[in-house]
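The values are calculated or read from the model by the stated rules, or taken from the named source; none is laboratory data. Every value quoted in this text rests on a predicted model; they were computed, and no experiment measured them. Positions of Cβ are generated from backbone atoms using ideal geometry, with glycine treated the same way; all protein chains shown enter the neighbour counts. The protein model used for the area step is the full one, side chains on, heavy atoms only, and it has no ligands, DNA or RNA in it. Shrake-Rupley method; radii C 1.70, N 1.55, O 1.52, S 1.80 Å.
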Amino acid sequence: MHAATPVAPVLEAEAYVLKDLNSDQVLVAQNADERREPASITKLMTAYIAFEALRNGKIKQDQTTSVSMNAYKQEGSRTFLEVNEQVPVKTLLYGTIVQSGNDATVALAELISGNEATFAQKMNETAKKLGMTNTHFVNATGLNHPEHYSTASDLARLAAAIIRDYPDYYPIYSVKSFTHRKITQPNRNLLLYRDPSVDGMKTGHTAKAGYCLIASSKRNNRRLLSVVLGTRSDLARANESQKLLNFGFGSYETILGATAGQRLASPKVYKGDLSTVYVGTANNASITLPNGEAQKLTKQVNLNSPLIAPLPKGTQVGTLSLSLNSKLIQTVPVITLEQVSSGGWVKRIKDSLYLMLAERGWVAR
């Protein structure tokens, strides 16, 4: 008898996604691919590009830049920068991430790319690289524009990329307040104050987008990411996000389907200095299942055939299928865990003859 799929909560939001980042599985989704204005959640991409520039040495946190009139005049939330003020990059980062300051965000974009329009091109190039196929950016801040849009699915992909690619900078998203020019502003992510497991990420709001929140939570080595778009209030976006996170942690568990480097099989190799090769996965293969279903997980290694040397270590030679109740849940690449070099000329000729006969059905492989 199959266990029932957990019943997800119904949210008062126009679009949402709940994702387990360990297994990269979507647990809940509603209108996840519907184009919507992302409001200040846009600033996740601005920060992603800034983190890349910091890592590459293009900018440094302690370097200063002069605030332009264009940055100063930005509407909406502000870090309260002054025209021609010399501001450190670190202040711009915290202004963008913690305060959601549009002035700080534009100043950061202008520092990196010269102007906001060129920076927007970089945003779209980066979105494409991250697989955000239904996203287009026009500005760095998220201010309304008919050609500025994304989806809950794409925003989840972006948020996950920040956590994965820039773990050294991700803790900025947990900072609860930031002060500039003696003006202290709180982080608008209410879950940072209510749920100790939540350590990021970003709010957004415009009249058209509604109140939006991406929240990331880590409990017992599991990390879940919720994207909630189009709620009616600051409180509602926090409450609906909390419902999703509690549901994901309470109704599902994430287990290892295979450990990195674990020997899953040792198939035959032809024309090599070894007759067999150990194969497994390069990384831990995590899978998220409803509570109590782990014992029903089935694993199947599907290998390319025939395997012919030379095979460098790390060569993909097949896949590992993880299924629950005969339904495929996840497919993971299987690689060689050791190197197989070419065998001697006698071995190669012998195996070539054998493979030719097998191809004609005269011998069994």
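Distant-in-sequence amide contacts of Glu12, defined by a placed amide H-H separation under 5 Å and a gap of 5 or more residues or a different chain, comprise nothing. Contact order, relative form, for the chain: 15 percent (alpha carbon pairs under 8 Å, 6 or more residues apart, mean separation divided by residue count).
Overall dimensions of the stretch 63-133, expressed as equivalent-ellipsoid semi-axes from the Cα gyration tensor (√(5λ), whole Å, largest first), are 22, 13, 11.
3J(HN,Hα) couplings calculated from phi for the stretch 203-220 with the Karplus curve 6.51 cos²θ - 1.76 cosθ + 1.60 (θ = phi - 60°) are, in sequence order, 9, x, 7, 9, 4, 7, 7, x, 8, 10, 8, 9, 10, 10, 9, 10, 9, 6 Hz; Gly and Pro show x. Against the longest principal axis of the chain, how steep is helix 152-165, in degrees 0 to 90 to the nearest 10, with axes from Cα atoms? It works out to around 80 degrees. In this calculation the C-beta distance from Tyr278 to Glu52 is compared with R0 = 45 Å, giving a FRET efficiency of 0.75.
Amide H to amide H distances under 5 Å link Gly318 with Asn304, Val334, where only residues 5 or more positions off or on other chains count and H is placed in the peptide plane.
Past 24 Å, Cα to Cα: identify those pairs from Lys58/Lys176; Lys202/Lys243; Lys129/Lys327; Lys218/Lys327; Lys122/Lys176; Lys218/Lys313, in the order given. Pairs exceeding 24 Å: Lys58/Lys176; Lys129/Lys327; Lys218/Lys327; Lys122/Lys176; Lys218/Lys313.
Residue ranges 44-55, 221-232 sort as 221-232, 44-55 when ordered by packing (mean number of other C-beta atoms within 10 Å per residue, highest first).
Given a cut-off of under 8 Å on Cα pairs at least six residues apart, what relative contact order in percent is computed for the stretch 1-95?
Rounded, it is 18 percent for the stretch 1-95.
Around Asp165, what is the net charge, scoring Lys/Arg as +1 and Asp/Glu as -1 over all other residues with Cβ under 15 Å from its Cβ? Spelling it out: positives minus negatives among the neighbours equals +2.
Measuring spread by the Cα atoms of the chain yields a radius of gyration and Dmax of 25.2, 85 Å. Backbone phi angles across the stretch 317-325, fed through the Karplus curve with coefficients 6.51, -1.76 and 1.60 (θ = phi - 60°), yield HN-Hα couplings of 10, x, 9, 10, 9, 10, 10, 10, 6 Hz in residue order; Gly and Pro are listed as x. Across the stretch 236-348, Cα-Cα pairs farther apart than 16 Å form 65% of the total. Looking at the chain, the DSSP beta bridges with both ends there are about 95 percent antiparallel.
Summed over qualifying helices (DSSP H, 4 residues or more, each -39500 (n - 2.57)) and divided by its residue number, the chain shows a 222 nm mean residue ellipticity of -9000 deg cm²/dmol.
In terms of overall dimensions, the C-alpha atoms belonging to the stretch 168-249 reach 41, 33, 20 Å along their principal axes, ordered largest to smallest. Thr203 contributes an accessible area of around 10 Å² to the protein surface, as traced by a 1.4 Å probe with all chains present. Each listed q (0.20 Å⁻¹) maps to a log10 I(q)/I(0) for the stretch 1-67, found by the Debye formula over equal Cα scatterers with no solvent: -0.99.
With the largest listed first and rounded to whole Å, the semi-axes of the equivalent ellipsoid of the stretch 149-285 from the Cα gyration tensor are 41, 17, 15.
Grouping the Cα pair distances of the stretch 1-119 into 5 Å bins from zero gives a pair-distance distribution of 2, 10, 17, 18, 13, 10, 10, 8, 5, 3, 2, 1, 0, 0 percent in increasing distance order.
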